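Engineer: Below you will find the structure I want to go over with you.
The values are calculated or read from the model by the stated rules, or taken from the named source; none is laboratory data. These figures come from a predicted structure and were not determined experimentally. Because the Cβ atoms are built from the backbone with ideal geometry, glycine has one as well, and the counts that use them run over all protein chains shown. With ligands, DNA and RNA removed, areas are computed over all heavy atoms of the protein, side chains included. Shrake-Rupley method; radii C 1.70, N 1.55, O 1.52, S 1.80 Å.
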Amino acid sequence: MPDPLNDIYYLASAGAYRANAPLTGDTKADICIIGGGFTGLSAAVACAEAGLDVVLLEGEQIGFAASGRNGGQMIPGFNMAAADLIKLVGEDVGRQLYLLAMSARDRVHARIERHDIDCDLRQGHIHLAAKKSDFAHFKDEVTFSDRLLGAGEAVLVAPTDIGQYVGVSGYHGGVYVPKGGHLHPLKYARGLKRAAKSAGARIFEGSRAVSIIEGEKVVVRTISGSVTASNVFLACDAETADLAPKAGRYTMPVLNYIIATEPLSDDCARALIPSNAAVSDSRFVLNYFRLSADNRLLFAGGEKYTPKPPVDIAAFVRPYMLKLFPQLADVRIDYAWGGTVGITVNRLPHIGRDGNKLFAHGYSGQGVLLTTLVGELLADLLKGDSRNFDLFQKIPHRAFPGGKLLRTPTYVAGMLYSAMMDRL
Ligand SMILES: Cc1cc2nc3c(=O)[nH]c(=O)nc-3n(C[C@H](O)[C@H](O)[C@H](O)COP(=O)(O)OP(=O)(O)OC[C@H]3O[C@@H](n4cnc5c(N)ncnc54)[C@H](O)[C@@H]3O)c2cc1C
């Protein structure tokens, strides 16, 4: 029986693909990167461009996990308001982290342009306020953005103006970021792979790392080979705990689901999202949606915290879409899939190093942009400039309570409580 998680629109629309051969035998490298999603791939490009000898091991295929199945929404910044970030890490570090996070969008644009990656890039992201109090926070966020980045980088959208951007009702205003946007994530991942290969990185697919032996040099083993390297970079996001239980305690894998409608007429598509922006809302269990290049609505919504996916993902997500867009009642759903989001307790990514073992995971639903930044900061670190990479180590993180077995039930209880409070 086919896996309900893998009926992925992106796989069907990214074109033919030839995977690289698995690693066989023993090899050496300056850095061994484990994971071929956006984090690992952008690190591979940046490190190879910096002249390092790079080996990347991907257990499945490039873009197999979150990077090849996400919403494609380019949401600038962190999944935390600037004011809260500053409260958490202080004014100076908070501002530096904010500016770094905001630089991610320019870095992604630069990569796409430099490597000529055809990934259906579109400009604009709008975040909608589900509650009046959320809109008040948006105002603070825009004031902060104006001060640090200049006017126009984030634009407050009054409740009466929402219709210019999205054809929905029931929201209390929004914030529009012209430099946000959306892309076809699997095409972007494959474009990064091409760029990394042409910069000299050696990429092995079907090559799951099964163990890491630590030492002055690290030895990473797969079932058919090994890599001895000066450094190892764990870019496995939701699967980090399998290889690095200590770092893995800081993220929780949570399943999230997306549907893609049949292609819509131009008029219908334009009525749904006149701005063609990526759209998300401020609900605890958020809705996020956008149009694809062939005019499908890609919609994610709903809550389910159990580790098992719904039997029928389309039937599970569709009611949330119809609540916002009842006019789509007769529209066919062509694809429905799911993927695992790595989230942290405070929703900021967990990035750091333990000797020559480096890691980055837990982007908490905002990895499309931040991952490219992190890959580039890793290359800076290995070239001797650790300032920006190490800034992330100033973020205080808490491990999820409960150890491996109890982590999920504890988390489910917490999420259900928050979702219920949100509805009340
Ligand atoms: C359904 C969904 C929707 C999302 N929507 C958005 C969105 O709209 N916007 C946004 O910004 N973010 C979104 N995200 C989050 C975003 O996709 C992730 O933050 C980002 O892709 C993480 O990239 P990564 O490279 O760190 O991890 P991944 O893409 O998960 O890559 C990790 C890779 O490591 C490999 N791997 C794991 N263990 C091993 C091992 N032992 N050996 C070898 N390889 C291994 C896996 O096979 C995988 O390919 C979404 C995520 C999901 C699941």
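Engineer: Among the candidates LEU373, LEU348, LEU369, single out the residue that is of a type in the set (A, V, I, L, M), within 9 Å of the ligand (Cβ to nearest atom) and either in contact with a Lys or Arg (Cβ under 6 Å, 6 or more places away or on another chain) or closer than 25 Å to ILE258 by Cα (or both).
Structural biologist: Numbers: LEU373 fails: within 9 Å of the ligand (Cβ to nearest atom); LEU348 fails: within 9 Å of the ligand (Cβ to nearest atom).
Within the list LEU373, LEU348, LEU369, the selection yields LEU369.
Engineer: Still on this structure, please answer the following. Here is a list of conditions, (1) surrounded by fewer than 23 Cβ atoms within 10 Å (Cβ to Cβ); (2) assigned to a helix (DSSP H, G or I); (3) within 20 Å of the chain's Cα centre (by Cα); (4) within 16 Å of the ligand (Cβ to nearest atom), and GLN393 meets all of them except one; can you say which number that is?
Structural biologist: (4)
Engineer: While we're looking at this one, here's another question. Quickly run through the stretch 232-256 and pick out the residues that are in a strand (DSSP E or B) and open to solvent by 10 Å² or more (accessible area, probe 1.4 Å). Can you show your working first?
Structural biologist: Filtering the stretch 232-256 down to residues in a strand (DSSP E or B) leaves 232-234, 252-256.
Once the filter is applied, which keeps residues that are in a strand (DSSP E or B) and open to solvent by 10 Å² or more (accessible area, probe 1.4 Å), the stretch 232-256 yields PRO253, VAL254, LEU255, ASN256.
Engineer: Hey, another quick one. Suppose we filter the stretch 148-181 for residues that are closer than 17 Å to LEU297 by Cα, part of a loop (DSSP other than H, G, I, E, B) and open to solvent by less than 20 Å² (accessible area, probe 1.4 Å); how many remain?
Structural biologist: Total satisfying the criteria: 1.
Engineer: In the stretch 287-306, which residue that is in contact with a Ser or Thr (Cβ under 6 Å, 6 or more places away or on another chain) and either free of Cβ contacts under 8 Å to residues at least 40 places away in the same chain or over 16 Å from MET74 (Cα atoms) (or both) is most open to solvent (accessible area, probe 1.4 Å)? Spell out the reasoning first.
Structural biologist: Initially, the stretch 287-306 is screened for residues in contact with a Ser or Thr (Cβ under 6 Å, 6 or more places away or on another chain), giving 288, 296-298.
If we keep only those that are either free of Cβ contacts under 8 Å to residues at least 40 places away in the same chain or over 16 Å from MET74 (Cα atoms) (or both) as well, we get 296-297.
Working: ARG296: 26, LEU297: 0 Å².
Among those that are in contact with a Ser or Thr (Cβ under 6 Å, 6 or more places away or on another chain) and either free of Cβ contacts under 8 Å to residues at least 40 places away in the same chain or over 16 Å from MET74 (Cα atoms) (or both), it is ARG296.
Engineer: Is it the case that HIS184 is surrounded by 18 or more Cβ atoms within 10 Å (Cβ to Cβ) and under 30 Å from VAL54 (Cα atoms)?
Structural biologist: Yes: the conditions hold for HIS184.
Engineer: I've got another one for you. For the stretch 260-312, which positions are under 23 Å from LYS131 (Cβ atoms) and of a type in the set (Asp, Glu)?
Structural biologist: ASP281, GLU303
Engineer: If you go through the stretch 320-343 one residue at a time, do you hit one that is within 14 Å of the ligand (Cβ to nearest atom) and farther than 21 Å from ASP7 by Cα?
Structural biologist: Yes, the stretch 320-343 contains at least one residue that is within 14 Å of the ligand (Cβ to nearest atom) and farther than 21 Å from ASP7 by Cα.
Engineer: Of all residues in the stretch 49-58, how many are in contact with a helix residue (DSSP H, G or I) (Cβ under 8 Å, 6 or more places away or on another chain) and surrounded by fewer than 24 Cβ atoms within 10 Å (Cβ to Cβ)?
Structural biologist: As a first pass, look at the stretch 49-58 and keep what is in contact with a helix residue (DSSP H, G or I) (Cβ under 8 Å, 6 or more places away or on another chain): 49-50, 52, 54, 56, 58.
Applying the additional criterion that residues be surrounded by fewer than 24 Cβ atoms within 10 Å (Cβ to Cβ) yields 49-50, 52.
Result for the stretch 49-58: 3.
Engineer: So which residues in the stretch 34-48 are in contact with a strand residue (DSSP E or B) (Cβ under 9 Å, 6 or more places away or on another chain) and either within 6 Å of the ligand (Cβ to nearest atom) or open to solvent by 20 Å² or more (accessible area, probe 1.4 Å) (or both), if there are any at all?
Structural biologist: ILE34, GLY35, GLY36, THR39, GLY40, listed by residue number.
Engineer: Taking the stated definitions as given, is SER207 part of a loop (DSSP other than H, G, I, E, B), hydroxyl-bearing (Ser, Thr, Tyr), in contact (Cβ under 8 Å) with a residue 24 or more places away in the chain and open to solvent by less than 10 Å² (accessible area, probe 1.4 Å)? Lay out the reasoning, then the answer.
Structural biologist: Working: part of a loop (DSSP other than H, G, I, E, B): yes; hydroxyl-bearing (Ser, Thr, Tyr): yes; in contact (Cβ under 8 Å) with a residue 24 or more places away in the chain: yes; open to solvent by less than 10 Å² (accessible area, probe 1.4 Å): yes.
Here the answer is yes, as SER207 does meet what is asked.
Engineer: Where the second residue is of a type in the set (S, T, N, Q) and away from the ligand (no atom under 13 Å from the Cβ) and the first is modelled with pLDDT under 95 and open to solvent by 10 Å² or more (accessible area, probe 1.4 Å) and lies in the stretch 270-284, which pairs have Cβ atoms under 8 Å and are six or more apart or on separate chains?
Structural biologist: Qualifying pairs under 8 Å: PHE284/SER418.
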